[in-house]
1. Under the Karplus relation 6.51 cos²θ - 1.76 cosθ + 1.60, θ = phi - 60°, what is the ordered set of whole-Hz ³J(HN,Hα) values for the stretch 120-127, x standing for Gly and Pro?
2. Measuring from label point to label point, each 7 Å out along Cα→Cβ, what is the Leu268 to Glu243 span in nm?
3. Out of the DSSP beta bridges found with both residues in the stretch 105-267, what percent are antiparallel (nearest 5)?
4. I want to check the label-to-label distance for Ser205 and Gln255. Put each point 7 Å from Cα in the C-beta direction and report it in nm to one decimal.
5. Along the Cα→Cβ direction, 7 angstrom out, place labels at Leu103 and Thr144. What is the inter-label distance in nm?
6. Taking θ = phi - 60°, what integer Hz values does the Karplus form 6.51 cos²θ - 1.76 cosθ + 1.60 yield along the stretch 244-249, in sequence order, with x for Gly and Pro?
7. Given axes a ≥ b ≥ c from the Cα gyration tensor, I'd like to know whether the stretch 118-186 is rounded (a/c under 1.5), prolate (a/b larger than b/c) or oblate.
8. Calculate, in whole percent, how much of the Cα-Cα pair population of the stretch 174-275 lies beyond 15 Å.
Amino acid sequence: MHFSIPLTNYLLLASSWGGLAQEQESIKRLRKTDTISDRVATYLRADSGTARKLELLDSDGTEGELWNMYVVEQIASLSTAPSPSPPTTEPPRRCEDVDCTNLEERCDPLDGVCKLLDSIVPCIAIIDESDNFPDSHFDAQWTTFRADYPDRPFCLLRPIRDNSLDRLYLPPPFLNDTRVTYAEVSRDDLGTNSLIQPVPTDWFSICGFSIYNGTTVEFIGMFLDTSGSMTESTVSESLALFEENAADAGLTIEQVFNTREDWITPFLTTLVPSS
């Protein structure tokens, strides 16, 4: 999995009231500027880690509660950049000399192997929260997605709000998937007040879609949450930039829909339109 998050703004914490055994399975993320009561209800699963005690200060400077803190291996390499940046190196050209003889196949730019086109169409989901379902729903849906489409790249972008209690659950296998990218991106309608700068965010570069073009993979599947906590206007500038970049690369965006903040299920379908 590829992360792009301003790590310097976060502490990875598990509250002491839950007990060590219970909290090893879920990590709460807090901003350094938040008090204990201002928990950001975003959970990450930790398969392993080292526990130690960390004493927080309340907002008035007095000593606060003791918390168990876990150093989680999966997220140790998160970017410390203040905002996502486009890659500076040229993407590998694994398909440059590959000729797929089956008309229904295309070369997968990630490994240079000819595969059915629909099986390698990249997916991008833009959503800020998903609290309408239990965690088990997303665990099951991700398992199904990977069973049906083991080679589809998946890019999840979260237009994050400051001091928000929004919760976006990420299944453990999703976190460990080598074909997954996760990033926090700007809320364009907030302008200079957006936590992530600059506005707009270059989704195309963050997701690594520069390896695709109209001669290899012609399509991108896209889900954009418009359920209420965000709408299209929340990210309108970033969306326009993404559409422009996709068009310049010869890619057609195939949009999938869901009104219930389910960012996996809409992609359990073919993303190549019938001829």
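No value in this document is a laboratory result; all are computed from the given coordinates. In this text the structure is predicted, and so the values were computed from the model without any measurement. When we count neighbours, we look across all protein chains shown, and the Cβ atoms used for this are built from the backbone with ideal geometry, even at glycine.
1. 10, 5, x, 10, 10, 10, 10, 7
2. That separation, rounded to one decimal, is 2.9 nm.
3. 15
4. 2.5
5. Distance between the two pseudo-spin positions: 3.3 nm.
6. So the Karplus estimates, Gly and Pro as x, are 5, 5, 5, 5, 4, 8 Hz.
7. Here the stretch 118-186 falls in the oblate category.
8. 68
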